[in-house]
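One structure below.
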Amino acid sequence: MKQRVSALLREKFGREVVLEKPRDRSFGHFATPIAFSLAKELKQSPMKIADELASSFEDSNVFGKVDSVKGYLNFRLSEDFLSEYAAWALQNPHEFAKGEKKEKILLEFVSANPTGPLHIGHARGAVYGDTLYRLAKHLGYDITAEYYVNDAGNQIDLLGLSIQLYGRENILKESVEYPQSYYRGEYLAPLALEAVEKFGIEILSDESRQKELAIWAKDGVMEIIKRDLGATNIFFDTFVYESSLYDDWERVMAKMGEGIYKKDDKIFIASSQKGDDSDRVVVREDGRPTYLAGDIVYHNQKFERGYDHYINIWGADHHGYIARVKAAVEFLGYDSSKLEVQLSQMVSLLKDGEPYKMSKRAGNVILMNDIVEEIGADALRFIFASKKSDTALEFDLAEFKKQDSSNPIFYIQYAHARIKTLLLKSDLSEEEIMAATLKNLDEAADILMFDALLLPEIVEDAFATRQVQKLPEYLKSLAASLHKFYYDCRIIGTEDEAKLLKLLMIVGLSLKTGLSLMGIAAKDYMSKEEE
RNA sequence: GCGUCCGUAGCUCAAUGGAUAGAGUUUCGGACUUCGGAUCCGACGGUUAUAGGUUCGAGUCCUAUCGGGCGCACCA
């Protein structure tokens, strides 16, 4: 819709025209301040220019009315245009808001180490990434969701140690001393038990078998992670294991050429030449690669697989890391501007106004799964998609358990359910409803229909700017419009029943499509939960 | 100290450089002869941290200051 208008105006003015929402809906559907920018070039007052422009649109079949107010041009779409578009959307519900983008994108997110269950910080990146993924798919992009599994390095050895310690304390009933860094949490219990079953009880006490234990256990941890993600409706197309990449190490090093040098028996990357603060160690004196080494091979592999664009979603604590990975990409001979890194910031939780208590059993972190169990996957997804991902977020769990308008996810679902209920109550058949024409609507109905038809540009904009919160914002406001309309206007039994139901079907389609892009299924009825 | 993200209503958050800075929540006051009142309406609430600058126009861009988060490993 907006694209159509935008294209028309571009043609007319020979330039990109800024389109925005009018200050007041009674002004029209779209507005543009173009007269202000033209004022300077034409050396005329913006008001005069706007007046002249307004009258030049008189015979358009897209616009019903174009007028100028204080230098702004306001456009009202014609009834024909709107009603035809709405009818098309209802006949092709799966095509609604879809795009025809062709780019091939690799989206990497979560990528949490396989050493324990996901915590609340991971959850934010996971939801953000998955929402972007759904938006991109809908827009037509050929996008791949990828999880990078860091299954090499110290943290994996630590997993082996942690299972041993857990087993020695809880199975062998030894008293053990815990070193500073080790993993703790209930998830270790089944792993320890299974390990004993599989390898024998000796595995718990034999330090030389830590690595063997860890390599086995990481698959079990990955299953836990996948289960938690799946419970939140998040799935990946591909998993790349760090351990599988090192065979390629020599070749990738050679590819880096000048970008790499040896000093004091260590290997450095000359990342300071590419904007990093200093050069970084890639291989230590003892020959063990650093964390960065894995990322270099991994990014080389990504670029060799050949995508048009790469998006990485990292926790904000990794932001200092961007420069060195980009430097590596450059040294490998690729265009680092194709690599985009989105950061997701910290999350802090409240419950009834008090800081949420971390459970000691879980190892003093808030587990994603605990929150899902407490408020449900839909609410979790909604919260995390609702806030700009690059700003810190604080929210109160209690708010998302309420069954009223203070809970946005409930409010939106209720709007959708109301529409479904009306359609059930009506005696009209679907054919009769679809046969109605959406013309001669009153002001309120016209606004509601227009709002519902805005979804396509919201989807496009949310993905283009990577600001997924635009979608939930939109859904909230559309739900509010629906509730208000419902309150003000009687539908069943009126002479406009078919027309109004058709209008509500558009709203329902928009809500349902929007929710599904957030990984949330729209509800057809609401069941009141017993406390 | 350096880098980076941020600072908007009492609280949690919105606002492609555009018209009168918006929602929810809180507090107070209204609407049930009613398609689901699980809803709706109204009021209160702001010098957009501060000071300059650019612009026809700044919450948004630039500079400085103040305040906060996160980084600043041969850890991942």
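Computed from the coordinates by the stated procedures, all read-outs in this text should not be read as laboratory data. Just so you know, these numbers come straight off a predicted model, no measurement behind them. Neighbour counts run over all protein chains shown; Cβ positions are idealised from the backbone, glycine included.
Laid out as a table, the results:
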{"quantity": "Segment A:Lys2-A:Ser272, length gained on full extension (0.36 nm per residue, minus Cα span)", "calculated": "92.7 nm"}
{"quantity": "Three-way shape call for region A:346-497 based on the alpha-carbon gyration tensor, with the a/c threshold at 1.5", "calculated": "prolate"}
{"quantity": "Helical contribution to [θ] at 222 nm, DSSP H n ≥ 4, -39,500 (n - 2.57), averaged over chain A, rounded to 500", "calculated": "-15000 deg cm²/dmol"}
{"quantity": "Environment charge at A:Gly320 (Cβ cut-off 10 Å; Lys +1, Arg +1, Asp -1, Glu -1)", "calculated": "-2"}
{"quantity": "Phi to ³J(HN,Hα) by Karplus 6.51 cos²θ - 1.76 cosθ + 1.60 over region A:418-428, Hz, x for Gly, Pro", "calculated": "4, 4, 4, 4, 4, 5, 5, 6, 5, 7, 6"}
{"quantity": "Helix A:2-13 axis, angle to chain A major axis (alpha carbon atoms, nearest 10°)", "calculated": "70"}
{"quantity": "Between 0 and 90°, nearest 10: helix A:46-55 axis offset from chain A longest Cα axis", "calculated": "70"}
{"quantity": "Amide proton proximity set for A:Tyr148, modelled H, under 5 Å, gap of 5+", "calculated": "A:Phe109, A:Ser111, A:Val240"}
{"quantity": "Neighbour-count order for A:Ile412, A:Ile49, A:Ile322, fewest beta carbons within 10 angstrom listed first", "calculated": "A:Ile322, A:Ile49, A:Ile412"}
{"quantity": "C-alpha long axis of helix A:497-517 to longest principal axis of chain A, angle in °", "calculated": "20"}
{"quantity": "Lysines with Cα under 22 Å of A:Lys40, excluding same-chain neighbours fewer than 8 positions away", "calculated": "A:Lys12, A:Lys48, A:Lys70"}
{"quantity": "Shape category assigned to chain A from the gyration tensor of Cα positions, a/c cut at 1.5", "calculated": "oblate"}
{"quantity": "A:Tyr525 versus A:Ser406: modelled label distance in nm, points set 7 Å from Cα along the beta carbon direction", "calculated": "2.8"}
{"quantity": "Cα gyration tensor, region A:157-211 - rounded (a/c under 1.5), prolate or oblate", "calculated": "rounded"}
